[in-house]
1. Quick one: how many lysine pairs does region A:2-130 have with C-alpha atoms less than 19 Å apart and a gap of 8 or more or different chains? Give me the count, please.
2. Residue-wise, which Karplus ³J(HN,Hα) couplings in Hz belong to region C:428-435, taking 6.51 cos²θ - 1.76 cosθ + 1.60, θ = phi - 60°, and x for glycine or proline?
3. Could you tell me how many degrees, from 0 to 90 and to the nearest 10, lie between the Cα long axis of helix B:150-171 and the main elongation axis, the longest principal axis, of the Cα atoms of chain B?
4. Are there trypsin sites (Lys or Arg not before Pro) in region C:511-566 that DSSP puts in a loop and that have at most 14 other Cβ atoms within 10 Å, and which ones?
5. Note down the Stokes-Einstein diffusion coefficient of chain C in µm²/s, whole number, using a Kirkwood radius over alpha carbon pairs, 20 °C, and 1.002 mPa s.
6. For C:Gly490, what residues show an amide H to amide H distance below 5 Å, using hydrogens built from the backbone and excluding near sequence neighbours?
7. Which residues does the label zone of A:Glu32 cover in region A:75-102, counting backbone N under 17 Å from a point 7 Å along Cα→Cβ?
8. For chain B, what does -39500 (n - 2.57) per DSSP helix run (n ≥ 4), summed and divided by total residues, give at 222 nm, in deg cm²/dmol to the nearest 500?
Amino acid sequence: MKDLLERLNTKYSLTDIEYQRDNLVFLTIRKENTIDLVTHLRDYEGFTHFVLLSCVDWIEDGKFQLTYFLNQPERKYDIVVRTMIDRDNAEMVSAHHLWRQITTYQRELREMYGINFPGSPGVDENFILEGWDEIPPMRREFDTKKYSEDTFFPREGRKTHDPASYMKEKLYPTEPTTAKVNKTDE
Amino acid sequence: MSNLFNWEPDRSKYPTVKDNGELDVDLSSHKFTKLWVGPNHPGITGNMAVEITISGDEIVQAKTHVGYLHRGFEKLIERRLFIQGFPTCIRMCVAEPDYNEYILSKAIEDLSGIEIPEMAEWLRTLALEMARLQSLLRTVPGQGGTFSLGLGVQWGMYLRDLILDRFEELTGARIYHMYILPGGVRGLLPDGFKARMEENLKLIDQFVINIKKLMFDNVIFKKRAIGVGVIKKEWVDQFGIVGPNARAVGISRDIRKDYPYLKYQELDFEPPTAKDGDIFARSTVRYQELIQTVDLIRQIMAKMPEKGDIKSPTPNVLHWKIAKGETYIRSESSRGEYGMYYVTDGSDKPRRINLRGPSYNHAMSLLEHMLINANISDVHAIMVSLQTCPPEIER
Amino acid sequence: MGKIKDILSPFTAWGNVVKEPVTIKNPIGREAAPRYRGFHKNDIDTCIGCGTCEVICENEAIDLVPVDGIETKDGDSGLRPMIDYGRCCWCALCVDVCTTGSLTLSNEYTWVSEDPDEFRFIPGVDKKSWDDNEKGWKKPEPNYEFYGKKRVDMPELHAEDRDKSFIEFVTGYSKQQAEEEADRCVECGICTATCPAHMGIPEYIKAIRNDDLEEGLRILYETNPLPEICGRICTHKCEEVCSVGHNGDPISIRWLKRYIADQNPSEKYKEILNAGNVENNGKKVAIIGSGPSGLSAAYYLALIGYDCTIYEKLPAAGGMMRYGIPEYRLPYDQIDKDIDYILSLGVDIKYNVNIGTDITLDKLKKDYDAVFAGTGLHLGRSTRIPGSDHKNVFFATDLLREISLGDEIQVSEKIVVIGGGNVAMDITRSLARLQNIKFGKVDVTATSLESEDIMPADREEVVEAREEKAIIDPGWGPTSIEIENDKIKGLHVQKCLSVFDESGRFNPKFDESNTKFFEADMIVESIGQGMDVEYISKEIRDQIEFDQRGRIQVNDYFQTGAKWLFIGGDIIQGPDVIHGIANGHKAAIGIDKFINQDK
Ligand SMILES: Cc1cc2nc3c(=O)[nH]c(=O)nc-3n(C[C@H](O)[C@H](O)[C@H](O)COP(=O)(O)OP(=O)(O)OC[C@H]3O[C@@H](n4cnc5c(N)ncnc54)[C@H](O)[C@@H]3O)c2cc1C
Ligand code: SF4
Ligand code: SF4
């Protein structure tokens, strides 16, 4: 694996190389070179098994991390290629021509994160959601709890009490304390 | 390498594909019919639908539709403490919840550097093989079911229920076991467990003989299954085919062997394979795996220690934080590579979890591809032979 | 051949026709496995309403609700979990985390009702048919924990390294130890009610976990301006109710408090606590006594702009904290750290001024807008047994004060201490050290009325005293001191059978036939202290209310009948530092109210 990475590093500039295990390495590459590297790994380094295409939302940095998992079935190791793309007008070069299942992944990422992959077949078709008019739901700012509270009705008559606040109310209502109400009553 | 690009089916007799990827089908020409198979259809494996376009009784185009049971589990788990993930994640595959528990727990352990006790490793291995067994008891005869051979399904269901009884006494539940948790497992074997399990396995030994006579040595089954739903060897990498579906074309990949985890290195087994890549081949591979799983459970019960710790200490689960990091954990489910991509960001909740289920590829791009040129009466048989599980597609 | 076989072979299935069916005729009533996760059960007398089950539930299925007949009291919120089975997924995380072990699941799963609201109930309170069912899910065994059950040991000096000097022997947590200990807290907040100052305990423990010790210090000072002191010698009543203590060691709340205070350098206090610019409101308050109650009142008054002057009859501040509690438990520099910070806020202190003799209370009344008195209990109480008026019979508090003042006190070779409280342990251990220094050996015996199991002293004090080679021999009532040639020979005692009567009143019973003699040439009495409020003149006294036992009565704000005079600390509510602090804080609020209302 070490030699391989050295080889790759002469061709591509890789950053953040992290070994999670001996046979699982994560690395980061610039957006422009990502598909190039993935193709190279597939065609020249035997990474013929495509495991997963995923996205991580680093909302605080304004970035989406696209994660391409590649597996070398002969040598039995994995390289995980990460790249950061802008969250605004998120767009990435399509890789659907490399493996068939990538079409599905890209459709999903389009729907769940709002990332566009121009040219990817059916990328704008509904995948899982139908008639969804909120922001793409896997984005960090989409608040599932609030959505479900707004969309569904809560059960009538439920009320809970925070033990510390309740004890203050019962036992020492007028005395000073720094105990904070840590759970809000519902 | 060039064969990686070679995935287009023979469309010579069928309509052309337009530039936008759609099929050039004129329904008013009366040459084509559109049909929905599912979501409410007894032959469908769970809640999904296949939209097919047929010409006569041959399929010219197929499209898988999912979204009937999307519950957003990955998102829900992102919003929960590490300990709260395992009771939620199991639902991402109803048929074999234990793999979800295992890969999620293992990912958390991997990122926080926790080793689990020896005993817990054995118990996890046992639970995972029991999960495989109960799954195969449904799928193996289930293939006959798609050709209206219901009797084997009933046999299998009965035996599967017995394994669920064992799950019930080991884990406290029949389906959603919630047994494997970050740090270990939730209980030792109850007294007398091994004896009761052995009784069940004996019945399964008998079943193995009977189902062969009923299904595999059955002219109807053979006629329907041989040469139908063929997967070509080169598709395996093109479509990301894993597990028995890949082994049935002679590609011997098995996570338990290739990336040994838990106690698999201490067990003696060789993953069965077949050559032909048709429904019959896949059924045979699964059949042999069923026999092998029974053997593995016997090996595990014989080799595991009697007593020991079941859980390693973890930080207080109420405020367990994990430093920024990411990992991928895979295991071999009865359907193939079952993986978990897990990302942490230093807080007390995961930043991202992503399940990689085999059906994501098998039931979408692969199924759509395989159904072209297939006969309409084989749709279910092909779908079942891929052992698809819709919940792991939409999570 | 194969083809024929393939046609015939399936017919073998006909063999099943003659077999018994395997289906269960009536599945309703089939008992689930002993570990099954069915409906909840709760042992309602064991449950303390800590709400940890609610916090861990990933489905928000649990509400904590008040229950008729369950009282809110120290260590029990009076709330009990109510489960909403519309949400519960039967994961049993609530069971596995339950701090008291009261919560379990039954193996009942076939219960049905037509009323959906019946699927919301309080296990253990709303009676169910499975309440007495032994089977069902319980927290797994062995060694299966969701949080640490064992306390992180506090590093201490060994007995041999500590018993020859007065250096502090508890060395304090390291960062790693403190964070590990803080990690065990379940944040229920049950302890806050029991803490006399109602400190935000889970909040400052959380600050330790987050390694935000400045935030921790701010939380401490909101209710306690003496954290270095309390972090060492607080009586930590909170730890007695800690929910983690029900199944394991309680959180080391006191040591964690000390950790926060220790880690913050005094130079940075002002900046951290943001106490730079308080506007003086022009009002003046006099405070008598610089014990914890007086210091606390001064601190909270100074924070809101009052001009405070403390009058202290001794040459240094701190009251019993300095002149009672021995240095090996509470080093002087730590007392100074806390007190200097309070003084740095502009609080003035006049030493060696005895109110009553040097300045009268009436004069203070005239010169100030209000007065707070926290003069403590400084008069030793005597057993009054024959011989107790001998010159070699001392009061513990007097000796302790003299040690602190740096005076040389009398130390004999054989000493007996009468008393079984913490003060008795303090003087015993102090004398042991002095004997060690002077004679190179220890010969001091402490004896108390109470037997070992009900001795009021903290267990660890007794253990540590023994480690330091003092003899603790409890369960004896002193009868007389034998004196020969004006020299003390020893103490006669008789067996004490019980200390309190049925109604719980102090009424000791003895076995006169079972006696013992402790040889000694010096005897120390440590059976309690009384107050000295001579400085309150007759005229003022008439305005103040006393109960039958002569104790001063105050309102919720520690205000006496003489409206300008507030009294707190040991005189009113003791007997420890943290009560003094709480009293002082409350009185400060009262004084502020009083001054703003009336003037
Ligand atoms: C030996 C010993 C050990 C103890 N150990 C602990 C312990 O481990 N933990 C704990 O929490 N508590 C302990 N205590 C109790 C604790 O010290 C007291 O409860 C607490 O100090 C009482 O505070 P206070 O403000 O009421 O008065 P004190 O601390 O008693 O202070 C009163 C002050 O007022 C001054 N004063 C009195 N009269 C006058 C006057 N007329 N004019 C001017 N000044 C005057 C005194 O000199 C003194 O400085 C211990 C007490 C003793 C004696
Ligand atoms: S965790 Fe246990 S003790 Fe605490 S409220 Fe719940 S049931 Fe009661
Ligand atoms: S069993 Fe699980 S879901 Fe049900 S109340 Fe307990 S923690 Fe919540």
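1. Numbers: A:Lys2/A:Lys11; A:Lys2/A:Lys76; A:Lys11/A:Lys31; A:Lys31/A:Lys63.
Summing the qualifying lysine pairs gives 4.
2. 4, 6, 5, 5, 4, 5, 5, 4
3. Long axis of B:150-171 versus the principal axis of chain B: about 20 degrees.
4. Details: sites: C:Lys516, C:Lys538, C:Arg541, C:Arg549, C:Arg551, C:Lys563; in loops: C:Arg549, C:Arg551, C:Lys563.
Filter output for region C:511-566: C:Arg549, C:Arg551, C:Lys563.
5. Details: Rh = 28.1 Å.
In µm²/s, the coefficient rounds to 76.
6. Sorted by chain and number, the residues that satisfy this are C:Glu482, C:Ala520.
7. A:83-86, A:91-94
8. Details: 14 runs with 157 residues, N = 395.
Here the helix-only value at 222 nm equals -12000 deg cm²/dmol.
The values are calculated or read from the model by the stated rules, or taken from the named source; none is laboratory data. On a predicted model such as this, the values are computed, not experimentally measured, just so you know. Virtual Cβ from ideal backbone geometry, glycine too; neighbours counted across all protein chains shown. For the accessible areas, the whole protein counts, side chains as well, though only heavy atoms, and no ligand, DNA or RNA atoms are used. Shrake-Rupley method; radii C 1.70, N 1.55, O 1.52, S 1.80 Å.
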